[in-house]
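Asks: I'd like to ask some things about the structure below.
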Amino acid sequence: MDNNKNILIVEDDLFLLDLYTQFFTQRGYHVTSASDGEEGSKKAFEGKFDFIILDIMLPKKSGIEVLKDIKAQDSSIKSVPVFMLTSVGYDEIIKNAFQIGANGYFLKSMILPKQIIDEVESFMENENKNQNVNQ
């Protein structure tokens, strides 16, 4: 299945990054990856993405800082859906991410890579339906 969707995955755990990349690639996504916040922020602005998966705890620049960068811009990147990845369920951090503009989050220990893909696809499907209704 080639759905021509571009996704950015920013994750510092290289095993998980590779795993998520493989799963999304197998489903027909074009995947760009980054392993730290600075690289993730740079790539977010260089590419045209349909979706971003962003780890919260990253070296060089936190996922929250990257999210702030993305949502503060007056460009098409601002409207790209962002799901946060976290290994800890700190309610305050997650609440902050939603206030900044995150569209959802995944708790790494509670979700399988296939479930992440299913959630992303479900979210994008609903977004497309909402856009079609509003046109």
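Coordinate-derived values only; no laboratory data. If you're wondering where the values come from, they're calculated on a predicted model, not measured in any experiment. Heads up, the Cβs are rebuilt from the backbone with ideal geometry, glycines too, and the neighbour counts pull from every protein chain shown.
Asks: From the C-alpha gyration tensor of the chain, pull out the three semi-axes of the equivalent ellipsoid (sqrt of 5λ each), sorted largest to smallest, in whole Å.
Replies: After diagonalising the Cα gyration tensor, the semi-axes are 20, 18, 15 Å.
Asks: With a 10 Å Cβ neighbour count serving as the proxy for reagent exposure, in which order, fewest first, do F49, F98, F15, F123 appear?
Replies: With the fewest neighbours first, F49, F98, F15, F123 line up as F15, F98, F123, F49.
Asks: Right, something else. Multiply the residue separation of S79 and S122 by 0.36 nm, subtract the distance between their alpha-carbon atoms, and state the gained length in nm to one decimal.
Replies: 13.7 nm
Asks: For the chain, modelled as a Gaussian network with Cα springs under 10 Å, which listed residue fluctuates most, E121, E39, E92?
Replies: In this elastic network of the chain, the residue with the biggest mean-square fluctuation among E121, E39, E92 is E92.
Asks: Among K78, K108, K60, what is the fewest-to-most ranking by other Cβ atoms within 10 Å?
Replies: Ordered by Cβ neighbours within 10 Å, fewest first: K78, K60, K108.
Asks: Would you order Y29, Y90 from fewest to most other beta-carbon atoms within 10 Å of each residue's own beta-carbon?
Replies: Y90, Y29
Asks: What distance in nm separates the simple spin-label points at Q26 and N6, each placed 7 Å from Cα in the Cβ direction?
Replies: 2.5 nm
Asks: Do the alpha carbons of any pairs in K60/K114; K5/K60; K5/K42; K68/K114 sit beyond 26 Å of each other, and which pairs?
Replies: From the list (K60/K114; K5/K60; K5/K42; K68/K114), the Cα-Cα distance tops 26 Å for K60/K114; K5/K60; K68/K114.
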